[in-house]
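Participant: Below you'll find the structure I mean.
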Amino acid sequence: MNVTVLTGGASAERDVALASATQIVAALRARGHTVAVVDTARGLVSERDEPSLIPGAVGHTPPSTDRLMEMERTFLVSSLASIPAVTTAEVLFLALHGGWGEDGTLQAVLDVVGVPYTGSGPLGSALAMDKDVSKKLFRAAGVPVAEWLMAPADEADVKRTIGVPCVVKPSKQGSTVGLTVVKDLAALAGAIALAGKYDDEVMIERFIPGRELTVGVLDGKALAVGEIIPKHEIFDYECKYQPGMSEEIFPAKLNARIANEAQRLSVLAHRALKLGSYSRVDFRLSPANELICLEANTLPGMTGTSLMPQSARAVGMDFGELCERICAGARGRQELGRASCRERV
């Protein structure tokens, strides 16, 4: 199979995307596939230059991306559809996280290009990226979520509706970038200002104590439920991407009823957002054993410490097979779309 991996980009999760690409490229090449790499901020990357672009490691903090944003905008508008590695690929594997690579922008461009790509389409990507909208859809579908407000909100509003501690975060960002756990309302304004650096919409959400759970979804079915035990109070950027900063247990040590319910809710959440062939859905399990959905990830991380590969491995699927299944899902979605078009004609 001829696969081109789209990676990099200009979001605060650029380093995570590059680290994901390292794993994906190696796994697909090891299984005999022809793989090219394109950085959506810089263009085609030669195989000789791959090691310098894709170091395979994620820093302790998100990178600064201001200088890359204009490059990515120009590339998506003017250059993407002119690169043979993109237009002749059998599948485009999206190793992108956050920003235009995950919010539906790139997906809309690729629908015009007409090459199958992994992950979800423009609508599902946009719905999942916007946490305010996705939480409304989860609630309508019967998936429990924590109470929330959108900024601007003053201390009185938060005290009355949410209480403390509360979580303040960008509404359209991932990897806990710009997130703060506010324990004193005097810190609320500063937390909102920090989140506002990464997005023009800021969410203030009730903090749910308890266990951190995650479930991969592949081809409409839930994979293994995992538990994350971070070294910090929350599963933050450093804990997610630095080896040894969290303990991940797959399958999680849960009673069967809770595990089954987490799997059921993960598929329900996936469908509520009209997602594609795969995703990862995150939950909190409260001290009262209530499952609260935090978010769905349309392009979950595929690094050496990522959760989606661990969820698959726990049901007997190695990383290479997972990558191939994701590619097959992309090609199948395009064929389904073509069949639907033929029926309408």
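The values are calculated or read from the model by the stated rules, or taken from the named source; none is laboratory data. Keep in mind the model is a prediction, meaning the values are calculated, not measured. Counting neighbours? That spans all protein chains shown, and the Cβs are built from the backbone with ideal geometry, glycine included. Protein only, heavy atoms only, side chains kept; ligands, DNA and RNA dropped before computing areas. Shrake-Rupley method; radii C 1.70, N 1.55, O 1.52, S 1.80 Å.
Participant: Please list, by residue number, everything in the range 250-272 whose backbone N is under 17 Å from a paramagnetic label point 7 Å out along Cα→Cβ of Asn289.
Facilitator: Residues 252-265 qualify, since their backbone N sits under 17 Å from the label point.
Participant: Just to be sure I understand: of the beta bridges DSSP finds with both ends in the chain, what percent are antiparallel, rounded to 5?
Facilitator: 75
Participant: Roughly how many percent of the accessible protein surface of the chain is carbon and sulfur, given a 1.4 Å probe and a whole-percent answer?
Facilitator: Within the chain, the accessible surface is 53 percent carbon and sulfur.
Participant: Follow-up. Between the helical axis of 14-30 and the dominant principal axis of the chain, each derived from Cα atoms, what acute angle in degrees is found, rounded to the nearest 10?
Facilitator: 50
Participant: Would you mind checking the tilt of helix 256-272 against the longest principal axis of the Cα atoms of the chain, expressed as 0 to 90 degrees and rounded to 10?
Facilitator: The angle comes out near 60 degrees.
Participant: How big, in percent, is the set of alpha carbon pairs in the chain lying more than 34 Å apart?
Facilitator: 21
Participant: Here's a follow-up. Filter Lys131/Lys253; Lys183/Lys253; Lys221/Lys253; Lys159/Lys274 down to the pairs with a C-alpha to C-alpha distance above 26 Å, please.
Facilitator: Lys131/Lys253; Lys183/Lys253; Lys159/Lys274
Participant: Using a Förster distance of 35 angstrom, determine the FRET efficiency expected from the C-beta separation of Val267 and Asp200, and round it to 0.05.
Facilitator: E(calc), rounded to 0.05, equals 0.65.
Participant: Highest mean first, what order results for 272-285, 313-326 on Cβ atoms within 10 Å?
Facilitator: In descending order of packing, they fall as 272-285, 313-326.
Participant: Turning to a different aspect of this structure: Over the heavy atoms of Met1, what accessible area does a 1.4 Å probe trace out, to the nearest 10 Å²?
Facilitator: 60
Participant: How far apart, in nm, are the 7 Å Cα→Cβ label points at Asp157 and Asp111?
Facilitator: Computed distance between label sites Asp157 and Asp111 equals 3.2 nm.
Participant: Hey, another quick one. Output the peptides 91-104, 5-18, 290-303, 120-133 sorted from most to least packed, where packing is the average of other Cβ atoms within 10 Å over each peptide's residues.
Facilitator: On the way: 91-104: 26.5, 5-18: 28.1, 290-303: 23.5, 120-133: 21.6.
Going from most to least packed, we get 5-18, 91-104, 290-303, 120-133.
Participant: Would you calculate, for the chain, the mean residue ellipticity at 222 nm contributed by helices, counting each DSSP H stretch of 4 or more residues as -39,500 (n - 2.57) and dividing by all residues, to the nearest 500?
Facilitator: Helices in the chain give a 222 nm mean residue ellipticity of -11500 deg cm²/dmol.
Participant: About the Cα centre of the chain, what is the dipole size in debye to 20, counting +1 per Lys and Arg Cβ and -1 per Asp and Glu Cβ, all else neutral?
Facilitator: Around 860 debye, computed over the chain.
Participant: Net charge around Ile249, counting only other residues with Cβ within less than 12 Å of its Cβ (Lys, Arg = +1; Asp, Glu = -1)?
Facilitator: -2
Participant: Now for a separate question. Rounded to the nearest 20 Debye, what is the dipole magnitude of the range 102-236 about its Cα centre when Lys and Arg each give +1 and Asp and Glu each give -1 at the C-beta?
Facilitator: Values: 14 positive and 19 negative charges, 69 e Å.
Here the range 102-236 has a charge dipole of around 340 debye.
Participant: What does the extension gain come out to for Ser52 and Ala328, with contour length at 0.36 nm per residue minus their alpha carbon separation?
Facilitator: Separation in residues times 0.36 nm, less the Cα-Cα distance, equals 96.4 nm.
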